[in-house]
Amino acid sequence: MRSGYFEIMADESTIQTLLLSFYNYVHELLGPSPEYQLSVEAEGFLPKIKHVSVTKLHLRQCPTASELEEYFSCSPNQECIFFKTWAQFEFMKQSKICYTKNLKFDCLGQPTDQILTDFNGRSLVLERTSIKESTIIQFVNQWRSNRKYQNLEFVHFNLFRGSYDDPLELLEEIGVKENGLAIYHFKNRLNIDSKSITSIKQNSWHHVVNESTGHVATISIGNDQFHFAALRITEKEFLARHPIPKMSSDDV
């Protein structure tokens, strides 16, 4: 079956009824098998629709925290959410959006510490954001102790303005271990188009070890960016693939 879209032009008081009527008809006809996508732009009206797998929100005006939570509660645990806004926003703590499998957020410099702290999905990409160093340290420590983030595979974010004062000092404070250069390609869906799979490249000389599983996560921190990739291999296996280069006598 070919994919398609439809357009409804109506005021907000009637669009919810019209949209739900059409959606319920389509869902009854096709069942749960198709990937149901919702794309919302401009003013931020969020219809209350169930069984949505992929959401794209590009908002000039952001709904309230309770309105956002009501929408994500109707369709929780989505496969992908792409959220872009230049307006101020607020989420409830432990928001349902943090249980999205793959979440991409573009927020033009607004802080997203809470999203990183509460995230419970597979991959998290934060574009043009603001995150404190203390939040990064807390995040890594909670993964390392296996208290949180058991589902996590990848985190990437870059800062909108400003930078981290000393990335090497931040790595030391985290307590990373050294390794040979590890180049990691994480394939992720970063667009509402299901065929749009992007490979994100991470070069890392550092890693941490999960104290419970023994698995490794690579870490790289730049002046304005952070990468974290959780690998399903032990430190012994990882270092066998990425041994620390031996210093020659000329280097001493």
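Observations on the model:
- Residue match in segment 184-197 (condition: part of a strand (DSSP E or B), in contact with a Ser or Thr (Cβ under 9 Å, 6 or more places away or on another chain), of a type in the set (Phe, Trp, Tyr) and modelled with pLDDT of 90 or more): no
- Just one of the listed residues (13, 3, 33, 53) is out of contact with any helix residue (DSSP H, G or I) (no Cβ under 6 Å at 6 or more places or on another chain), modelled with pLDDT under 80 and under 20 Å from residue 101 (Cα atoms), namely 33.
- Residue under evaluation residue 132, criteria (1) within 30 Å of residue 55 (Cα to Cα); (2) touching a Phe, Trp or Tyr at 6+ places or on another chain (Cβ under 8 Å), criterion not met: (2)
- Filtered residues of segment 23-52 (kept if buried (at least 18 other Cβ atoms within 10 Å of the Cβ) and either among the β-branched types (Val, Ile, Thr) or assigned to a loop (DSSP other than H, G, I, E, B) (or both)): 36, 44, 46, 47, 49, 52
- Conditions (1) more than 30 Å from residue 36 (Cα to Cα); (2) of a type outside the set (A, V, I, L, M); (3) surrounded by 15 or more Cβ atoms within 10 Å (Cβ to Cβ); number of the one not met by residue 149: (1)
- Any hit, segment 123-135, residues being β-branched (Val, Ile, Thr) and closer than 18 Å to residue 218 by Cα: yes
- Any hit, segment 179-196, residues being within 22 Å of residue 237 (Cβ to Cβ), of a type in the set (Lys, Arg) and surrounded by 13 or more Cβ atoms within 10 Å (Cβ to Cβ): no
- Residue ranges of helices (runs of 4 or more DSSP H) in segment 81-183 with at least 1 members within 15 Å of the chain's Cα centre (by Cα): 113-118, 133-144
The values are calculated or read from the model by the stated rules, or taken from the named source; none is laboratory data. Keep in mind it's a predicted model, so treat the numbers as computed, not measured. Glycine also receives a Cβ, built like all others from the backbone with ideal geometry; neighbour counts cover every protein chain displayed.
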